[in-house]
């Protein structure tokens, strides 16, 4: 009968030690790269920390323009609510469509939200500024139940009326008028309450920016354009943004 080999405790201890070192190394490695990704300039992380969503794309090329699209409202903030339709739902669907057309032209797009989540204004502008965007467009819908005949698209820019923001906003409205048949209500400065008081997006973004009011939810004409001809209207908005970027010296497709 063959004798069993005695246990080599020195080898067992060595194996256990090696496994512990490998395990600790993996934890340190993962923690290091998680911190690297969180550093500004290393990744495009959406400002909305409660959603913990990262921009799932490679960083833009050295000559590639960056545009930030902000789908208004979201999460606990429904925005306007009319005939069972929610502004937050329409703005996100529309922003996604604009994103598609911009990316087709070679634009790098960052979104302030990609789902029905609550995103604070500070987080939205942080997303824009961290990505070093050349333009930010915040998409909304108008609402005026006192007179259902009121219709049309308009844009709001900073009260100082910077030339780049004026060019961005007016180009978008012109394309919506030409391609989608929207009534152009013009570019307006400040806010609806006061011409000298600005919307947060326009005050805190570090690039050309505008609040785009994409027609009235209370207007059948405007709602039909957004719901039934969204592709046409979204392409018009994208074309307006692309025209602005080309004027800024970027070379784009199409």
- Could you tell me whether any residue of the range 111-123 is under 18 Å from residue 236 (Cα atoms) and either in a helix (DSSP H, G or I) or out of contact with any strand residue (DSSP E or B) (no Cβ under 9 Å at 6 or more places or on another chain) (or both)? no
- Item | Where a residue in the range 79-92 is touching a residue at least 12 places away in the same chain (Cβ under 8 Å) and at positive phi and its partner, wherever it lies, is surrounded by fewer than 18 Cβ atoms within 10 Å (Cβ to Cβ) and part of a helix (DSSP H, G or I), with Cβ under 9 Å and at least six apart | 79/89
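Does any residue of the range 30-45 turn out to be at pLDDT below 50, in contact with a strand residue (DSSP E or B) (Cβ under 8 Å, 6 or more places away or on another chain) and either loosely packed, with under 11 Cβ neighbours inside 10 Å or part of a strand (DSSP E or B) (or both)? First the steps, then the outcome.
Looking only at the range 30-45, we keep the residues that are at pLDDT below 50, and these are 30-45.
Cutting the leftovers down to in contact with a strand residue (DSSP E or B) (Cβ under 8 Å, 6 or more places away or on another chain) gives us 37-38, 43-45.
In the following step, the residues that additionally are either loosely packed, with under 11 Cβ neighbours inside 10 Å or part of a strand (DSSP E or B) (or both) were identified as 45.
Yes, the range 30-45 contains at least one residue that is at pLDDT below 50, in contact with a strand residue (DSSP E or B) (Cβ under 8 Å, 6 or more places away or on another chain) and either loosely packed, with under 11 Cβ neighbours inside 10 Å or part of a strand (DSSP E or B) (or both).
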- Item | Criterion violated by residue 154 - all others in (1) crowded, with 16+ Cβ neighbours inside 10 Å; (2) part of a helix (DSSP H, G or I) satisfied | (2)
- Message: Report every pair of residues separated by at least 6 positions or lying on different chains whose Cβ atoms are under 6 Å apart, first residue within the range 179-196 and over 17 Å from residue 160 (Cβ atoms), second in a loop (DSSP other than H, G, I, E, B).
- Response: 183/151; 183/152; 185/152
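The values are calculated or read from the model by the stated rules, or taken from the named source; none is laboratory data. Just so it is clear, the model here is predicted, and its values are computed rather than measured. No Cβ is skipped: glycine too gets one built from the backbone with ideal geometry, and neighbour counts run over all protein chains shown.
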